[in-house]
Amino acid sequence: MNDNSSRPLRLGTRRSKLAMAQSGQVAQAVQQLTGRPVELVEITTYGDVSRESLAQIGGTGVFVSALRDALLAGEIDFAVHSLKDLPTKQPEDLALAAIPPREDPRDVLVARDGLTFETLPEGSRIGTGSPRRMAQLNAWARELGKEIETVPIRGNIDTRIGFVTKGELDAVVLAAAGLSRIGRSAEVSQFLEPDAVLPAPGQGALAIECAMTNAPLAATLAELDDPYTRVAVTAERSLLAALEAGCSAPVGALADLSPSPDEQIVTEMRLRGVVGTTDGKTLVQLSITGPVPSSSEEAVAMGHELAAAMLDKGAAGLMGERAL
């Protein structure tokens, strides 16, 4: 990077409304930290232009690779990603400089007439592009004793909600954080609690990445890091990695941080994981609880421990996509 402090810092971002909104929030924070202007550099990724399902194109990294290429080529100084889109293996030449405080990690239902999942009528059609969501929604419907149809969809938030407003679908499932970041939380019909639907590993968190060769910028960006969010998502992502599953595999995970009785300090972390067939007929869902990890290594070990227990219960046979 050119050290000329008068030059704007170039932040690489995807072009979607959501990506631009969350990158804009990070740009403001970095501008306050550095006193330097930050300009957004819009980059189109393969995942943005492909119309295939994420499972077909091998979800892992399809929204990330073009941004990383621009970083390594020196075309941008840093990049902002949705953490759940990042492959679990971090490239040696790129630094995951900061993971800011996480937004609400839950999934939400946007349904016609403000219906909840429980009140959707028999045979309702629910749109989602995620095998993870399909598996858990179908399992939940089976528990309730009703039939639903999960319909594969792609597209940005406007497109997905449009399927409901136009009457093509009864509901869609989206990430709470995405709707919050673009100011559309009022359209949520129901927040789906993790007991019913575990989110994607890292959902609701952002990742700020820069080149390893730019140590001064990495050190500055690190001031935006939230250590509790980092250990939580590290545990979730290490579970995904140990299952050898890509980010479009039907795997959900969430690490909850529990405060002490006086709520002054966080003392425990519970890591939950789920793997299931998309028809919801078979789920492996387990959890472990332990002291809050004091390092990334401890968080990784926690994820690996839960993954081993899930594999013992047959999780490997439930994943359509296996990461190589």
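Read-outs throughout are calculated quantities, based only on the coordinates presented, and are distinct from any laboratory measurement. Computed from a predicted model, the values in this text were never measured in an experiment. Using ideal geometry, Cβ is built from the backbone for each residue, glycine included, and neighbour counts are taken over all protein chains shown.
A few remarks follow.
- Most simply put, segment 107-192 has about 55% antiparallel DSSP beta bridges, counting only bridges with both residues inside it.
- Identified option (computed Kirkwood radius over Cα pairs in Å; candidates [x] 21.8; [y] 19.8; [z] 20.3): [z]
- Residue-averaged [θ]222 nm for the chain, counting only DSSP H segments that reach four residues, each worth -39500 (n - 2.57): -9500 deg cm²/dmol
- For Arg14, the residues 5 or more places off, or on other chains, whose built amide H falls under 5 Å of its own are Ile43.
- Percent of beta bridges antiparallel (DSSP, the chain, rounded to nearest 5): 75
- Derived scalar couplings ³J(HN,Hα) [segment 103-114; Karplus, 6.51 cos²θ - 1.76 cosθ + 1.60; whole Hz; x for Gly, Pro]: 7, 3, x, 6, 7, 9, 9, 10, 10, 5, 6, x
- The Cβ shell under 13 Å around Ala222 holds other residues with a net charge of -3, Lys and Arg each +1, Asp and Glu each -1.
- At most 15 other Cβ within 10 Å, DSSP loop - trypsin sites (Lys or Arg not before Pro), segment 98-179: Lys146, Arg154, Lys166
- Projected area averaged over orientations for segment 231-318, convex hull of C-alpha atoms, nm²: 5.8
- In the structure shown, the pairs Lys146/Lys166; Lys17/Lys281; Lys84/Lys313; Lys89/Lys146; Lys17/Lys89 are assessed against 30 Å; a Cα-Cα span above that value is assigned to Lys17/Lys281; Lys89/Lys146.
- Among Thr213, Thr128, Thr234, the ranking by other beta carbons within 10 Å of each residue's beta carbon, starting with the fewest, stands as Thr213, Thr128, Thr234.
- Other-chain or far-sequence residues with amide H under 5 Å of Thr150's (modelled H): Ile126
- Zone residues, segment 270-311, relative to Ala196, backbone N less than 17 Å from point 7 Å out along Cα-to-Cβ: 280
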